[in-house]
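**Student:** If you scroll down you'll find the structure; I have some questions about it.
Each value in this text was obtained by applying a stated rule to the coordinates, not by laboratory testing. Just so you know, these numbers come straight off a predicted model, no measurement behind them. So basically every Cβ, Gly included, is an ideal-geometry build from the backbone, and we count neighbours across all protein chains shown.
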Amino acid sequence: MRAPVRALVAAAVLAAGDARAAAPVRVEFHFHPVPDAQMAIWLEDQAGRHVADVLVTQATGKLGIANRPGRWNFLSSWRAPYGPRVSVLPVWAHRRGKTYPKVVFFDDPGDQDSLGWHENTSSPENYFCRPLEEWEQEMVAVDTKTCPSPKSFKTDKGAFAATGTTSVYPPRNDLLHRDDLDSQDAAVYAALNDLDAVTAATPSGAGPEFVVAVLSPEVLARGRLAAWVEISREHDENSHWDFDRETDHFVDPRLARYGIEYLGQPSVVYRVDFDPLRRGFHGTTEYAGYGDWDGATGTLHPPDGTISATGGSGADRLRVMTLHGDTFRWGVFSYGDGRDPDPGDGWGHHCTQHVLPPVTDLAARSVAFDEVELSFEVPGQGDPTFELADARVYQITGDEPLTADMLGSAQEIPVALDSLAPPGQRSTVTVRELWGDYTYQFGVVYTDGCGQRSALATLGVTTRPQKFQTVEGFCFLATAAYGAPWTTQVAALRAFRDVFLEGSATGVALIRFYYAHSPPLAAAVAREPVLGGLVRVVLQPFADAVAVATWAKGRAGGAGSPGR
């Protein structure tokens with residue numbers, strides 16, 4: 001069985017010259033990445049001009065991690081919401097020759113350097129989590145892989161810089177609707193992001209993968225091509241690229257416990273030259289260079305001894321693999337224009353056009369608050385040459401059904417090819433890292449070995465509530481005073497409300513009064529540091545007292561700690 005595939009059609013982006021081929025040509029790009037890597041694959045002609053994008057992983061291409069509010073050297077955490085990662089894929093980004101408006105916080109200019117304090121311009125979040133402390137990061141990344149209390153965290157989606165500053169990276173593309181608290185600019189992010197056709201899920205890193213691209217005659221007219229891949233990974237340090245949390249990153253002094261370092265070895269780039277009209281394989285085990293550690297330019301620095309080559313680090317982010325007798329880290333196989341005879345090299349056949357029907361009997365079952373099990377059947381094709389290359393699962397949050405024109409904004413879930421049943425048999429895919437008590441819309445498509453995709457099949461499902469989950473929005477005054485809804489003091493006050501107040505009619509009445517009258521005062525407190533300090537003076541003794549009282553009651557009743 002073939003390795004997992006991300007099958008995409010590479011769009012022609014340059015005008016045709018004297019066409020060398022009357023029909024498209026199928027090309028495969030082969031590699032074995034490490035987990036949690038960001039990648040871009042693109043084509044250039046022999047003059048070094050960008051010809052077409054083939055793939056960019058969705059955190060960069062869809063979720064806008066390189067063009068979002070905050071400082072570029074903000075500390076990181078799992079699904080960190082703020083801090084543009086401009087060093088993620090700088091060679092690819094600069095060589096594309098495109099720019100986009102730079103995104104900054106929509107909030108008060110005085111809080112551009114803060115991880116918190118943005119509640120008055122924050123709206124419900126589709127993907128990112130609140131910043132995490134280091135102990136939480138270890139727990140979430142290694143164990144649960146779910147956001148803590150997602151319904152009590154919202155994000156500032158940003159606005160375009162008033163100075164007209166630009167970025168070589170696009171803004172996020174997953175915002176289907178603009179909230180009243182968002183800037184007007186957020187409504188056009190998706191229209192600016194031009195990477196829908198080539199954005200794909202981040203590879204799992206569990207094994208070798210390949211990408212199918214069907215090159216148009218316009219692309220083929222450029223002659224011999226160079227196939228490039230750039231790969232990066234956060235916190236990939238070695239002795240030459242050794243960074244410190246406090247010295248090399250920006251630590252928010254008001255939220256100093258939150259976030260971990262992310263800097264490490266820069267992105268690494270591989271290149272292979274090939275003629276797409278000639279059938280054959282070309283591969284390399286040697287990297288072509290590396291990008292700027294801070295993403296300042298698109299410079300490709302030549303290989304040197306500072307980049308690691310083993311242990312999944314540095315140049316070994318693409319692992320050495322062997323396929324059909326060839327050993328490589330980055331490899332390209334072109335099926336040619338049909339004039340070269342098939343030598344029986346094991347690479348397969350030329351493609352014919354097929355209309356692929358959608359999957360059938362799509363069903364969903366919520367198996368946990370953060371997991372949904374999808375099942376479906378890829379129809380039998382009645383074609384002996386049909387090859388199932390992959391299945392893709394897409395998801396969005398909300399009640400609006402998922403349609404094909406929304407896939408550019410939907411998050412893609414990687415599916416391992418070896419987890420799929422043969423056509424005509426039922427496959428099961430478990431989607432993880434979801435949020436409790438949320439409604440999700442799922443879609444499934446599958447792809448054949450020629451990169452042809454089926455029609456979309458969809459359904460909606462609501463996940464189970466998370467045990468002990470707090471489902472309110474702002475804890476208004478306390479959040480405004482302490483700067484973020486996840487701080488210890490706010491958690492203690494929230495727990496006091498849940499444990500003590502909600503258990504009596506008087507307490508419920510107090511809660512209703514508070515939620516009816518505190519938002520205007522909270523807005524004033526959030527924008528006036530002096531008022532915030534006065535509120536903290538009043539709240540701090542009470543927060544300390546209720547933390548102890550709530551913890552004691554939890555111990556006595558087995559309900560858990562106040563920060564549950």
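**Student:** Could you work out the mean projected area of the convex hull around the alpha carbons of the stretch 231-372, in square nanometres to one decimal?
**Tutor:** For the stretch 231-372, the mean projected area of the Cα convex hull comes to 15.7 nm².
**Student:** Quick one: which residues, 5+ away or cross-chain, put their amide H under 5 Å from the amide H of Glu209? H built at 1.01 Å from N.
**Tutor:** Under 5 Å from the amide H of Glu209: Phe31, His32.
**Student:** Taking the beta-carbon count within 10 Å as an exposure proxy, list Asp111, Asp273 from fewest neighbours to most.
**Tutor:** Asp273, Asp111
**Student:** Continuing with this model, one more query. Which ³J(HN,Hα) values in Hz, rounded to whole numbers, follow from the phi angles of the stretch 253-262 under the Karplus curve 6.51 cos²θ - 1.76 cosθ + 1.60, where θ = phi - 60° and Gly and Pro get x?
**Tutor:** Values per residue, Gly and Pro as x: x, 8, 9, 5, 7, 8, x, 10, 5, 10 Hz.
**Student:** Shifting gears a bit: Sort Arg432, Arg254, Arg279 by Cβ crowding within 10 Å, fewest neighbours at the top.
**Tutor:** Ascending Cβ contact count within 10 Å gives the list Arg432, Arg254, Arg279.
**Student:** Counting every Cα pair in the stretch 85-140, what percent are over 12 Å apart?
**Tutor:** So the pairs more than 12 Å apart make up 78 percent of the total in the stretch 85-140.
**Student:** First measure r as the distance between the Cβ atoms of Arg432 and Asp340, then evaluate 1/(1 + (r/R0)^6) with R0 = 30 Å and state the FRET efficiency to the nearest 0.05.
**Tutor:** Computed FRET efficiency for Arg432 and Asp340: 0.10.
**Student:** Here's a follow-up. Would you please give the residues with an amide H less than 5 Å from that of Val54, counting only those at least 5 places away or on a separate chain, with H modeled from the backbone geometry?
**Tutor:** Result for Val54 returns Ile41, Trp42, Leu43.
**Student:** Let me test this: with uniform point scatterers at the alpha carbons of the stretch 34-120, what is the Debye-based log₁₀ I(q)/I(0) at q = 0.12, 0.18, 0.25, 0.26 1/Å?
**Tutor:** -0.44, -0.85, -1.30, -1.36
**Student:** Calculate, in nm to one decimal, what Val142 and Gln112 gain on full extension: separation in residues at 0.36 nm each, minus their alpha carbon distance.
**Tutor:** 7.7 nm
**Student:** Restricting to bridges with both residues inside the stretch 5-334, how much of the DSSP beta-bridge set is antiparallel, in percent to the nearest 5?
**Tutor:** Roughly 90 percent of the beta bridges in the stretch 5-334 run antiparallel, per DSSP.
**Student:** Efficiency by 1/(1 + (r/R0)^6): what FRET value for Leu417 and Asp45, r their Cβ-Cβ distance, R0 = 30 Å, to the nearest 0.05?
**Tutor:** 0.40
**Student:** Net charge near Arg178: determine it from the other residues with C-beta under 10 Å of the C-beta of Arg178, scoring Lys and Arg +1 and Asp and Glu -1.
**Tutor:** With Lys, Arg at +1 and Asp, Glu at -1, the neighbours total -3.
**Student:** What distance in nm separates the two pseudo spin-label positions at Ala455 and Gln425, each 7 Å out from Cα along the beta-carbon direction?
**Tutor:** Rounded to a tenth, the inter-label distance reads 2.7 nm.
**Student:** Where does each of Glu28, Glu234 land when they are ranked from fewest to most other beta-carbon atoms within 10 angstrom?
**Tutor:** So the ranking, lowest neighbour count to highest, is Glu234, Glu28.
**Student:** Taking R0 as 35 Å, what's the FRET efficiency between Gln184 and Thr403 from their Cβ-Cβ distance, rounded to 0.05?
**Tutor:** According to the calculation, E is roughly 0.90.
**Student:** Let me ask another. Per 0.36 nm of contour for each residue apart, how much would the distance between Ser239 and Ala363 grow if the chain were fully extended, relative to their Cα-Cα spacing?
**Tutor:** 39.6 nm
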